[in-house]
1. If the chain between E67 and R112 were fully stretched, how many nm would it gain, using 0.36 nm times the residue separation less the Cα-Cα distance?
2. When DSSP assigns beta bridges and you keep just the ones with both residues in the stretch 65-161, what percent turn out antiparallel, to the nearest 5?
3. Quick one: what Rg and Dmax do you get for the stretch 80-127 from the alpha carbons, in Å?
4. Please report how far the C-alpha centroid of the stretch 147-161 lies from that of the stretch 62-109, rounded to the nearest whole angstrom.
5. Could you grab the relative contact order for the stretch 56-160? Cα pairs under 8 Å, six or more apart, rounded to a whole percent.
6. Give the residues of the stretch 67-97 whose amide nitrogen is closer than 13 Å to a point set 7 Å from the Cα of K161 in the direction of its Cβ.
7. Arranged from highest to lowest average of other beta-carbon atoms within 10 Å per residue, in what order do the peptides 79-90, 102-113 appear?
Amino acid sequence: MKQQYGKKHPVVFLIFLVLAGQDTIIPYYEQIQIELPSKGLCTTCPEGSPHKEIPRITIEELRKKMESGADIVVLDARPKAMYDEGHIKGALSFPWALKITQGDVRQLPRDRMIIIYCDCGPGESDSVDLAAQLIEIGFNVKVLADPSIRGWIKAGYPVEK
């Protein structure tokens, strides 16, 4: 009899495949393909664009803007639990979402520059994806370039909980 891996524990099997770095998971019981997002690519674009056209801002540039009192809004795109552990001082929690709605952005000012950061490494995938969505609905957005929050903390710049 042919062994069907994961038959007794399908969730464990799926986790194993994800951790093993598979590009596609095919559950044995339904033969459904689940595509995993590529690192650094936008998950909402059909072509998976890395959005190199979205302007980036360096840690030093952001620090200078904040010190000069520039009229900006800083958004933390990480999950709320990570935001609560520590974030750039003054940043608002705005966790990444597959598709943001007008209701999600009703409190964001359209007349101010928005700087978004995440902790996704090179490509800034979550913050870039959010930036692309915000730009599409009329916001002025830049993304904090990698090393983003890690670099901010390493430089000893202000964080808060």
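1. 14.6 nm
2. On the way: 2 of 12 bridges.
Roughly 15 percent of the beta bridges in the stretch 65-161 run antiparallel, per DSSP.
3. My reading of the Cα-based Rg and Dmax gives 11.7, 30 Å.
4. 14 Å
5. So the answer I get is 34 percent.
6. 82-87, by backbone N distance to the label point.
7. Numbers: 79-90: 14.7, 102-113: 11.8.
The packing order, highest mean first, is 79-90, 102-113.
Taken together, the values in this text are just the output of simple stated rules run on the coordinates, not laboratory data. On a predicted model such as this, the values are computed, not experimentally measured, just so you know. Cβ sites come from the backbone with ideal geometry, for glycine too, and all protein chains shown count toward neighbours.
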